[in-house]
Protein chains: 2
Amino acid sequence: MSNTFSFGLLATDGMARRGRIDTPRGAIATPAFMPVGTVGTVKAMYPEQVRETGADILLGNTYHLMLRPGAERVAALGGLHLFMDWQRPILTDSGGFQVMSLAKLRKLTEHGVTFRSHIDGTAYELTPERSIEIQTLLDSDIIMQLDECLALPAERREMERAMELSLRWADRSKAAFGHQPHRALFGIVQGGDDPELRGRSAAGLKSIGFDGYSIGGLAVGEPQEVMFRVLAELTPELPADKPRYLMGVGKPDDILGGIERGVDMFDCVHPTRAGRHGHVYTRFGVINLKNARHKDDPRPIDVASPNANCRRFSRAYLHHLVRTEEILGAMILSQINLSYYQELVSGARAAIETGTLGDFAASTRAAWVQGDLPPL
Amino acid sequence: MSNTFSFGLLATDGMARRGRIDTPRGAIATPAFMPVGTVGTVKAMYPEQVRETGADILLGNTYHLMLRPGAERVAALGGLHLFMDWQRPILTDSGGFQVMSLAKLRKLTEHGVTFRSHIDGTAYELTPERSIEIQTLLDSDIIMQLDECLALPAERREMERAMELSLRWADRSKAAFGHQPHRALFGIVQGGDDPELRGRSAAGLKSIGFDGYSIGGLAVGEPQEVMFRVLAELTPELPADKPRYLMGVGKPDDILGGIERGVDMFDCVHPTRAGRHGHVYTRFGVINLKNARHKDDPRPIDVASPNANCRRFSRAYLHHLVRTEEILGAMILSQINLSYYQELVSGARAAIETGTLGDFAASTRAAWVQGDLPPL
């Protein structure tokens, strides 16, 4: 266990990287997928069940936690790890993304953003400095700068303005973060789908100097091929000796494509949200358990899965739990999806180590294309 | 493991009984509390988590299961145990109680009851024979006769009519059940709060002969003292060598009072339903975690509890999960309540064995009266 935050690159395969992040709360094997513990819980999962899927690190949402239960309250209760009983690393976002997508009466200025809670209308202000303060109160291990994230498509002028504001906020974030070697501060690259803006953003962040580099403003409405192009152009501009985190991404094929383009870290609510809506991911792609074809199907999700939940329950039972909106359905399907995501990144890590990521990606995609079992 | 259903009385203490039911699917220590797996799942719990609380047997609801997923479907899928992955004993009710409380356009005749599903309006008929058939299709280990259960207070004439109808249905149920020594058929005593009607019901059932005797028509609106009086008058009329099951009861103090009056088996949705609504039961009574007094309270529910969930999470965290309506809150609080219920019946079993139920009941009630920790 390290006393400071550090990153080591263990192997590469093309642009893909196999690495290891050390933190005082434990190591993170990369490429890593981080389950989202929105408001202090990965929905429908006990912390130890999340760990058992293979997760080394969770993500916490600053916006949700500052509203409920409040950052000062979490700090007084001993920090987010103790609060939710997850003793391993936690990464927190800056809160900016949810302010833009969820909050009401937003007003953005050079200073920061004021908004009202989507829950009870309470007024808040989030500035680069306050975001760092909140994330520090939560006792986050990996802290994000506040940035402005636009949806795509967007006007170039808008993308440039938001990118430059984000850079100035990066500078203020670095100053507010100060010297805290036991945790990390990540800058966030913005610039939409414009290579020149992305390059300027990356250069600006590098000159400030961060412990890691997040890639924001992707998976915000653009086609997957645009995201992949931006990644392929951008990651060579980022320091090789620092981790790279593609924020809020994604589905399994987004993650595999991101790994192939040099991304080290991913997070997304998709596996748990999809699980709560009856969709499960397996090596044969996605299955909609709401579909009537599963009603009488005694077969499990995947008899050869390493995950016991994929072998023990019939599709008919899972269909029934989804149709009756039983909590156990959300519990099982969230677990299956998080397990599959970890299986995917763990497979990619092993392949990068042996220089066989191309084969791994090809066989993984072939199985997805092959699809689920035929109906009975 | 027995090949047939049987009951043995191991010890008595006053009217209270310590017993053991053997079934081909495992033994049931009595007095027993049976968690309710309404529609094929104990809400918000994996089967192994239910077992870990100490439950030997679950209850399944015939009404819910006949609607969704349907008894014939469950049978084709290998029975309810395989369907929900609970290999230990399951008791099923007859469906009659929920037909009266949930279904629409009910019509009761000598033959049975016709009704429409509360979910989609589909028409069904439930007769004594069909109820046995459904419970057999579910592969239930302990089957209930169809009865008519009235709410209290009720007119004596009504109570008498329903009791006599239930007796005639008991007779038909026994004939329909036939010879199935690997499972049990229980008759149900009715008769409201009238000792004479209860006595006639018990006598009628005994002359038909059942593997166990359920006590229906209590906890249906009457004061607890009325329920306790009926129990104290009734249980001496029931065969000592057969188990007695008080249906749908109750809160912890109802269960303790039932044990003192010679009841062997209990079931109730209350512990899981209360958990989903933020109420937890401990040896110090009930705690409403929604209450603002818990908002900043770092103390766990009960540091000295044998249940890890009572020791690991702060009241502040549980309050937060309840307020944000997180599924994990329902999971944890359901687990805590089912554990406490099992702790209660397990403590009563040990006390009956040593002839100290009076002391156990007195100290248990004193702790309930003492109540929860004072606010910080």
By residue number, the members of the stretch A:168-224 that are in contact with a strand residue (DSSP E or B) (Cβ under 6 Å, 6 or more places away or on another chain) and open to solvent by 40 Å² or more (accessible area, probe 1.4 Å) are A:ASP211
Quick count over the stretch A:279-292, residues being outside any loop (DSSP other than H, G, I, E, B) and within 14 Å of chain B (Cβ to nearest Cβ), is 1
Among residues of the stretch A:80-110 being among the aromatic types (Phe, Trp, Tyr) and within 14 Å of another protein chain (Cβ to nearest Cβ), the residue farthest from B:HIS319 (Cα to Cα) is A:TRP86
By residue number, the members of the stretch B:314-373 that are within 25 Å of the chain's Cα centre (by Cα), open to solvent by less than 50 Å² (accessible area, probe 1.4 Å) and charged (D, E, K, R) are B:ARG349
The one condition A:ARG106 fails out of (1) at pLDDT 95 or above; (2) of a type in the set (D, E, K, R); (3) not in a helix (DSSP H, G or I) is (1)
Flagged in the stretch B:228-247 as assigned to a loop (DSSP other than H, G, I, E, B) and open to solvent by 50 Å² or more (accessible area, probe 1.4 Å), in numbering order, are B:ALA240, B:ASP241, B:LYS242
Screening B:ASP372, B:ASP296 for residues that are out of contact with any Cys (no Cβ under 8 Å at 6 or more places or on another chain), over 30 Å from A:ARG273 (Cα atoms) and in a loop (DSSP other than H, G, I, E, B) leaves only B:ASP372
Looking across the stretch B:6-30 at residues that are within 19 Å of B:PHE210 (Cα to Cα) and within 15 Å of the chain's Cα centre (by Cα), the single one that is surrounded by the fewest Cβ atoms within 10 Å (Cβ to Cβ) is B:ILE28
Determine if the stretch A:148-166 includes at least one residue that is of a type in the set (Ser, Thr, Tyr) and either under 30 Å from A:ASP22 (Cβ atoms) or within 14 Å of chain B (Cβ to nearest Cβ) (or both). yes
With the first residue restricted to the stretch A:172-196 and required to be among the aliphatic types (A, V, I, L, M), and the second required to be part of a helix (DSSP H, G or I), Cβ contacts under 6 Å at 6 or more apart or on different chains are A:ALA176/A:GLU129; A:ALA176/A:ILE132; A:LEU185/A:PHE177; A:VAL189/A:SER201; A:VAL189/A:ALA202
Of the residues in the stretch B:308-338, those that are in contact with a strand residue (DSSP E or B) (Cβ under 9 Å, 6 or more places away or on another chain) and over 25 Å from A:ARG73 (Cβ atoms) come to B:ASN337, B:LEU338
Report whether or not B:ARG157 is touching a residue at least 24 places away in the same chain (Cβ under 8 Å), more than 13 Å from B:MET66 (Cα to Cα) and among the charged types (D, E, K, R).
no
query: Does A:GLU52 fit the bill of being in contact (Cβ under 8 Å) with a residue 12 or more places away in the chain, acidic (Asp, Glu) and either within 14 Å of chain B (Cβ to nearest Cβ) or more than 28 Å from A:SER339 (Cα to Cα) (or both)?
result: no
Those residues of the stretch B:199-227 which are aliphatic (A, V, I, L, M) and in a loop (DSSP other than H, G, I, E, B) amount to B:LEU218, B:ALA219, B:VAL220
Checked against (1) open to solvent by less than 10 Å² (accessible area, probe 1.4 Å); (2) assigned to a loop (DSSP other than H, G, I, E, B), B:GLU148 satisfies every condition except (1)
Inspect all residues belonging to the stretch A:113-136 and state whether any of them is within 14 Å of chain B (Cβ to nearest Cβ), free of Cβ contacts under 8 Å to residues at least 40 places away in the same chain and either hydrophobic (A, V, I, L, M, F, W, C) or part of a helix (DSSP H, G or I) (or both).
no
Next on the checklist: Within the stretch B:67-79, does at least one residue satisfy the condition of being away from chain A (no Cβ under 14 Å) and open to solvent by less than 10 Å² (accessible area, probe 1.4 Å)?
Outcome noted: no
> Hey, any hits in the stretch B:32-40 for a residue that's away from chain A (no Cβ under 14 Å), open to solvent by 10 Å² or more (accessible area, probe 1.4 Å) and not aromatic (Phe, Trp, Tyr)?
Replying inline: no
Exactly one of B:THR41, B:THR53 is out of contact with any Lys or Arg (no Cβ under 9 Å at 6 or more places or on another chain), under 17 Å from A:ILE327 (Cα atoms) and hydroxyl-bearing (Ser, Thr, Tyr), and that one is B:THR41
### Task
Test A:ASP302 against the stated conditions and say whether it is part of a loop (DSSP other than H, G, I, E, B), at pLDDT 95 or above, in contact with a His (Cβ under 9 Å, 6 or more places away or on another chain) and more than 23 Å from A:LEU246 (Cα to Cα).
no
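The values are calculated or read from the model by the stated rules, or taken from the named source; none is laboratory data. Fair warning: this is a prediction, and the values are worked out from it, not measured in the lab. Cβ atoms come from the backbone with ideal geometry, glycine included; neighbour counts cover every protein chain shown. The protein model used for the area step is the full one, side chains on, heavy atoms only, and it has no ligands, DNA or RNA in it. Shrake-Rupley method; radii C 1.70, N 1.55, O 1.52, S 1.80 Å.
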